[in-house]
Amino acid sequence: MDTWTSIRNGRSALGDYLAGLSADDWGRPSLCAGWTVKDTAAHMLVIPTMSKGQVFRSFLGSGFNLEKMNAKLVAKLTAALSTDEIVAETRASAGSRSVPPGLKLPGVLTEVAVHSSDIAEGVGTPFALPVEDYVAALDHVKDVQPVFGSKERIAGLTLRATDADWSTGSGPAVEGPAQQLLLAVTGRRAALDRLSGDGLATMRAR
């Protein structure tokens with residue numbers, strides 16, 4: 001699996017998906033708390049379209065607070081871009097190999113995998129990347145605590161994908177499709193309803 005190819009293909013596919021949305025769809029809440037579908041799609045343009053210097057200056061201007069920086073950038077982008085322009089930028093920047101300061105390449109793929117799912121779940125129309133992309137994202141976030149809080153969320157549990165040869169951890173099991181596991185691991189509570197296992201109650205309580 002070539003990570004950059006997966007990222008490019010995922011962004012291109014998302015651009016096609018976004019092109020088919022209605023005006024109402026763009027205004028629906030995504031699974032990313034507090035953000036609409038348009039907000040989340042705009043946020044996904046930060047990594048491929050902004051330079052490392054621009055991201056760092058924005059981070060500095062937000063007092064090194066990631067949530068404040070993201071909120072500022074989303075507000076700026078959603079105000080500046082129409083939905084058609086977001087679609088065009090998503091497609092045009094699909095092949096970008098920009099990696100912002102503090103983020104590793106697997107994190108870029110994870111952003112595509114998680115936020116595209118946030119959008120699709122909000123719209124209510126399926127969108128899926130190849131299952132290996134979700135597996136790669138799971139391999140990345142399972143040990144990550146900042147931003148997602150994943151490491152503590154799954155401590156003492158076994159996570160097992162039902163549509164791929166992937167599992168991690170030990171203890172009571174939480175099982176389901178890799179896409180839904182990824183959403184649950186990154187704190188999207190709606191995904192828990194599509195999972196099962198003896199460890200699900202523990203995960204719900206966290």
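The values are calculated or read from the model by the stated rules, or taken from the named source; none is laboratory data. Note that the structure is predicted; figures quoted are calculated from it, not measured. Cβ placement follows ideal geometry from the backbone for every residue including glycine, while neighbour counts extend to all protein chains displayed.
Observations on the model:
- For region 82-101, filtered to residues that are of a type in the set (S, T, N, Q) and assigned to a loop (DSSP other than H, G, I, E, B), the residue that is farthest from residue 6 (Cα to Cα) is 82.
- Matching entry among 68, 76 (being part of a helix (DSSP H, G or I), at pLDDT below 95 and exposed (fewer than 14 other Cβ atoms within 10 Å of the Cβ)): 76
- Residue check, residue 55 modelled with pLDDT under 95 and surrounded by 14 or more Cβ atoms within 10 Å (Cβ to Cβ): yes
- Candidates 78, 5, filtered to the one that is out of contact with any Lys or Arg (no Cβ under 6 Å at 6 or more places or on another chain) and of a type outside the set (Lys, Arg): 5
- Of residues in region 13-63 being hydroxyl-bearing (Ser, Thr, Tyr) and not in a loop (DSSP other than H, G, I, E, B), the one farthest from residue 128 (Cα to Cα): 58
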